[in-house]
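K.L.:
Have a look at this one.
The values are calculated or read from the model by the stated rules, or taken from the named source; none is laboratory data. Predicted model, so just to flag it, every value in this text is computed and none were measured. FYI the Cβ positions are ideal-geometry reconstructions off the backbone, even for glycines, and counts take in every protein chain you see.
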Amino acid sequence: MGRYKTERIFYPNRWQPTENLVADGYWYAQRNRVETIEIAAHIMNAAHENNDEELFNVGRDLMQVANSPCKFQTNASAETATDINNRPSEQIAPAIPVELLKKVEGICEDWDDSLDGIFNEKVKPTEIKKAISNITSDKITNRRFYYVVYRILKIINWIKSGDHESEFMQWVNLHFCCGWGKNKNRKKRFLFNLEDSAKNLDILHPSEWTDDTVKGGKGRHYRKLAMDLKKAFVQNLVKNQRVDDSESFEHLIDRPQFLRGAQWIIDKYLVPDGAYINNGK
């Protein structure tokens with residue numbers, strides 16, 4: 001069990017580990033305080049439902065570092081709620097715990113968009129990076145992990161047409177701080193370490209990966225990673241209903257939070273038809 005009683009929280013539009021969401025909240029505090037307040041609200045609601053006092057305190061701390069204008073406590077009187085102490089205060093720089101910053105993998109500096117040109121212009125590379133950060137695999141690491149990421153992004157057409165393996169790995173190196181040197185060899189087997197039976201991954205569609213695709217039964221781990229990524233980025237549209245847990249690659253529809261043209265209106269995303277890359281057809 002992790003640090004909190006509440007192990008997973010639904011936000012935004014998907015379940016994710018509580019500690020990852022907490023780390024995201026602190027990361028956004030310096031960049032997008034509205035996002036931090038939204039995350040804090042979901043954290044506090046989940047903590048209340050699960051009687052998770054420690055997590056609830058973290059939610060309140062997130063509200064403070066985001067300089068939320070509302071400091072009214074649920075047990076305060078109406079007089080307290082309207083006094084001067086509950087008015088918006090001057091913004092201050094949030095004090096972010098070092099241990100939480102360390103959990104946000106690959107944060108090096110403000111976003112560098114110099115390598116974002118490989119992506120379809122309709123998607124947000126910053127959100128793609130965030131989603132990748134929240135997906136892990138104990139069995140697949142380093143370059144082969146990012147090979148699976150690349151395959152899924154290509155299949156759902158979020159990476160532009162053409163061969164962009166080398167450029168994608170440069171993007172990964174930049175934003176995940178991998179420390180890789182320049183690799184002039186553009187062959188897949190060198191970029192992604194696709195040696196021996198791992199070559200089969202490139203021959204087959206991820207939906208066809210089985211235990212035996214990679215020797216030693218390791219193919220199951222690649223398939224699981226591929227499906228985790230697919231479900232993070234897109235859903236399936238079945239009878240006009242969005243389905244989260246399908247492993248099918250038919251009737252895909254993009255998750256709105258990744259789309260530049262999507263707008264958050266009150267409590268849901270509004271997505272014009274032209275904003276989609278995959279529209280469920």
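K.L.:
I'd like the full set of residues that are aromatic (Phe, Trp, Tyr) and either outside any loop (DSSP other than H, G, I, E, B) or over 17 Å from residue 137 (Cα atoms) (or both), limited to the stretch 179-222.
P.N.:
180, 190, 222
K.L.:
Any idea which of 85, 173 is modelled with pLDDT under 95, assigned to a helix (DSSP H, G or I) and assigned by TED's automatic domain parsing to the domain that holds residue 190? Break it down into steps so the answer makes sense when it comes.
P.N.:
Numbers: 85 fails: assigned by TED's automatic domain parsing to the domain that holds residue 190.
Being modelled with pLDDT under 95, assigned to a helix (DSSP H, G or I) and assigned by TED's automatic domain parsing to the domain that holds residue 190 holds for just one of 85, 173, which is 173.
K.L.:
Also, quick follow-up: Among (1) of a type in the set (A, V, I, L, M, F, W, C); (2) assigned to a helix (DSSP H, G or I); (3) over 16 Å from residue 138 (Cβ atoms), where does residue 225 come up short?
P.N.:
(3)
K.L.:
Give 163, 116 a once-over and let me know the one that is within 28 Å of residue 20 (Cβ to Cβ) and modelled with pLDDT of 60 or more.
P.N.:
116
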